[in-house]
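Let me begin by presenting the structure, written as structure tokens, before commenting on it.
The values are calculated or read from the model by the stated rules, or taken from the named source; none is laboratory data. This structure is a prediction, so every number in the text was calculated from the model and none was measured. Glycine gets a Cβ as well: all are built from the backbone with ideal geometry, and neighbour counts include every protein chain shown. What goes into the accessible areas is simple: the full protein's heavy atoms, side chains included, and nothing from ligands, DNA or RNA. Shrake-Rupley method; radii C 1.70, N 1.55, O 1.52, S 1.80 Å.
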Amino acid sequence: MTSLNVVPSSSSVTFIKPNHQCLINASPTLKSNFLCKVHSNKNHLHCNRTTSQLHEPGFKSSKLSLTPTSQIPCSVTKLSSFNRFPSHPFNVSPKPNHQIVKAASDGANPEGETEIVASSSDPKSKKFKLAIVFGLWYFQNIVFNIYNKKALNIFPFPWLLASFQLFVGSIWMLALWSLKLQPCPKISKPFIIALLGPALFHTIGHISACVSFSKVAVSFTHVIKSAEPVFTVIFASALGDRYPIQVWLSILPIVLGCSLAAVTEVSFNIQGLWGALISNVGFVLRNIYSKKSLQNFKEVDGLNMYGFITIISLFYLFPVAIFVEGSQWIPGYYKAIEAIGKPTTFYIWVMLSGVFYHLYNQSSYQALDQISPLTFSVGNTMKRVVVIVSSVIVFKNPVRLLNGVGSAIAILGTFLYSQATAKKKVKKIEGEKEE
């Protein structure tokens, strides 16, 4: 009887005398050349071919069976030297492609796998996909603003409507997580605590905007909300950030344009103006606070982060909504049904405002994932233009010449601000790379 010794430093199998772990019961008809293929997860050895030459004449093809003895101190499956044998013929690796690419990027290719380089996607298809995302983002925003305003015209209770919109967004995200259409991150106590501040400012921004929508024209609210960069620069500078002179100059036309639009606005209302301004403050503080409190939770993507903020905001807002205007909801409901005639129409308007409020925010996060912050800022600026024009057309709001000029100047200032801040970010990144 002959014993087998697997030599780690080569791919051959040699036969020597006893005192080793595994015994070979070989048939007298064994082909002279066969290849040994070792599977570490099995307790037998399939032998197909070897570089060893057997000097006994007249050997014929047969299988080589390996029978381990009952007193083997170390199982074949635990032999680390087996790792040196190619586990798949023709050097085809069983590893997934993403592991091969990662290994290649690390400069290591120990098993000779073919390095797979992902080919760049077709620019035309990428532009088409981006156009679809932007189109949905704009369309959903327009639908929300139109039906939100229609609902508020006959049911002027923005606290309830804003709460309902957060409720719809919460149900939507819970459905995505339950159906595993969106991966749900692990929830921890520190994560929830870190979300409390951003969710509070998000609540303030959302309800203030809804109050403004209920008091003035949609176009006017959006013109005032285009002044958000002004508050960003002021609050961020107060907290220690430094901005170049180009950024400060870019906010001047925003202030001038918003002031001109406010003075000449036909539907001007002080509550509507203050609502839009407070909304700007709320969303700016949300963004600033998020960077500080959520920087340790970068593994959570934007859509999931927004989902959790929506749920917490609902718990913030609804109790206050009951306190502020809860006693007026039932009488206001009957007045709304009487004014519109068909309850179904009212329900559809409210439902569309809730669904499309969440959808346009979801699309904005998806757009931000696929484009640069500069492109997103430009797209967001153009979105306001599209919403203002569409609301004027739908509601047939009268627009004075100076009001239109002021709106255009404010939008231009927002565009210049996005350009200036993008250059600031690029210089900051380049400085970090040089360091």
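Grab the helices (runs of 4 or more DSSP H) fully contained in segment 261-342, keeping just those with 2 or more residues being buried (at least 19 other Cβ atoms within 10 Å of the Cβ) and among the small types (G, A, S).
So the answer is 270-293, 302-325.
Output the residues belonging to segment 158-178 that are among the polar types (S, T, N, Q) and either out of contact with any helix residue (DSSP H, G or I) (no Cβ under 8 Å at 6 or more places or on another chain) or not in a helix (DSSP H, G or I) (or both).
S178
Taking the condition of being surrounded by fewer than 20 Cβ atoms within 10 Å (Cβ to Cβ) and part of a helix (DSSP H, G or I), how many residues in segment 396-408 meet it?
Here the count works out to 5.
Considering each residue of segment 346-395, count those that are open to solvent by 40 Å² or more (accessible area, probe 1.4 Å) and over 24 Å from S407 (Cβ atoms), and give that number.
12
Is it the case that N109 is surrounded by 13 or more Cβ atoms within 10 Å (Cβ to Cβ), at pLDDT 80 or above and of a type outside the set (K, R)?
Considered against the rule, which asks whether it is surrounded by 13 or more Cβ atoms within 10 Å (Cβ to Cβ), at pLDDT 80 or above and of a type outside the set (K, R), N109 comes out as no.
Spot the failing condition for L181; the list is (1) part of a helix (DSSP H, G or I); (2) free of Cβ contacts under 8 Å to residues at least 24 places away in the same chain, and only one is missed.
Of the numbered conditions (1) part of a helix (DSSP H, G or I); (2) free of Cβ contacts under 8 Å to residues at least 24 places away in the same chain, the odd one out for L181 is (1).
Return yes or no: is P86 assigned to a loop (DSSP other than H, G, I, E, B), modelled with pLDDT of 50 or more, on the phi < 0 side of the Ramachandran plot and surrounded by 11 or more Cβ atoms within 10 Å (Cβ to Cβ)?
It is false that P86 is assigned to a loop (DSSP other than H, G, I, E, B), modelled with pLDDT of 50 or more, on the phi < 0 side of the Ramachandran plot and surrounded by 11 or more Cβ atoms within 10 Å (Cβ to Cβ).
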